[in-house]
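Peer 1: If you scroll down you'll find the structure; I have some questions about it.
The values are calculated or read from the model by the stated rules, or taken from the named source; none is laboratory data. The structure displayed is predicted, hence computed values, not measured ones. Reconstructed Cβ throughout: ideal geometry from the backbone, glycine too, with neighbour counts over all protein chains shown.
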Amino acid sequence: MNDLRISTLAGFVARTRGRRNFSFRRAIRRPSQGVSPWLFVGLAILITARRAEAERAITVDAAGAPFAASELVTAIRVRVPAEGPSIEIRVTVTARGVRIEAAGGAREIDVLGLRGAAAARLVALAADDLLPDDQLAVTAIAPAAPSPGRRPREPRDPVTLGVLGAVSSWSGTLGDLALDIAIPYDRWLVAIEVGGGQLMNSALNLTAAIARVDVGAHYRMLEARVGLTAAPVIVSNGAGDQTVLLGANLSLRARLPLARTLSGVLVLGCDAFATRTTYQLDSTATIATPRLAPWLAAGLEVEL
């Protein structure tokens, strides 16, 4: 046991001799140092980590978009509840801007030439009615598992219909007007083009129809196609003639957005024919159908 000596002051207490007192209580140790600042640092790190774990998980696939994935995540996070199921977003680039895909549908958004965080905020604002209130429209909850034997349907790009005027290099200039329909699927497409025209600046009176069946791929405003070509030909010179030229084609297209569903189209292509016909106009002049026929076209395209 610790002992405690207490002396009384004679002037204030009784004038008696001081005596020694003994106590059974232990001495209390007083703190002699301050609290370590590292304790506060550790607590701050722990609180921050727990807050990060509580934040809603947002995953963005925005390859090629005019904004970074992190910028869209930031724009979305301020518009959704802090807690909830994870959010998955798929952004694909289109001729006019971006296409946002969600479990309940999809929407194409014109970003008006914006880039970076401004474009990400515009996308988050423009699509907030596609999903329920507790999620942002551009998010996508994992869809319910499809029933056995059925594949889930994926959102598709719209079918396009185009009207093109073209000039081709034959023995003269072949001018024609064509209709073009393209059915896209993701970045791929199937297209059919049908038209017809007449040979100009030539002694040969020739009328031709052009039919092309192509497959292709598109990326942003560019599109490449390859396929088969058939060209029924009618010649009215002399005794006349009818034949069909068969071959293949290759083309490259560029689009310029004009309105929400309307675009201008410029096409550069070439037909290569496997069959060829030569016409004798007189004793000295002969004209043949081409082996290679480069062509240039321009027109308008509308989404259906």
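Peer 1: Can you name the number of the only condition in (1) loosely packed, with under 14 Cβ neighbours inside 10 Å; (2) of a type outside the set (S, T, N, Q); (3) at pLDDT below 95 that VAL215 fails?
Peer 2: (3)
Peer 1: Right, here's the next one. Suppose we filter TYR185, TYR219 for residues that are over 22 Å from GLY299 (Cα atoms) and in contact (Cβ under 8 Å) with a residue 24 or more places away in the chain; which single one remains? It would help to see each step written out before you state the result.
Peer 2: Working: TYR219 fails: over 22 Å from GLY299 (Cα atoms).
None of the others qualify; the one that does is TYR185.
Peer 1: Still on this model: Report the residue count in the range 192-209 for those that are of a type in the set (A, V, I, L, M, F, W, C) and in contact with a Pro (Cβ under 9 Å, 6 or more places away or on another chain).
Peer 2: Within the range 192-209, the first condition is being of a type in the set (A, V, I, L, M, F, W, C), and the residues that meet it are 192, 194, 199-200, 203-204, 206, 208-209.
Okay, now just the ones that are also in contact with a Pro (Cβ under 9 Å, 6 or more places away or on another chain), so 208-209.
Number satisfying all stated conditions: 2.
Peer 1: Taking ILE183 as the residue in question, decide whether it is more than 25 Å from VAL163 (Cβ to Cβ), part of a strand (DSSP E or B), in contact with a strand residue (DSSP E or B) (Cβ under 6 Å, 6 or more places away or on another chain) and not small (Gly, Ala, Ser). So that I can check it myself, show each step before the final result.
Peer 2: On the way: more than 25 Å from VAL163 (Cβ to Cβ): no; part of a strand (DSSP E or B): yes; in contact with a strand residue (DSSP E or B) (Cβ under 6 Å, 6 or more places away or on another chain): yes; not small (Gly, Ala, Ser): yes.
Here the answer is no, as ILE183 does not meet what is asked.
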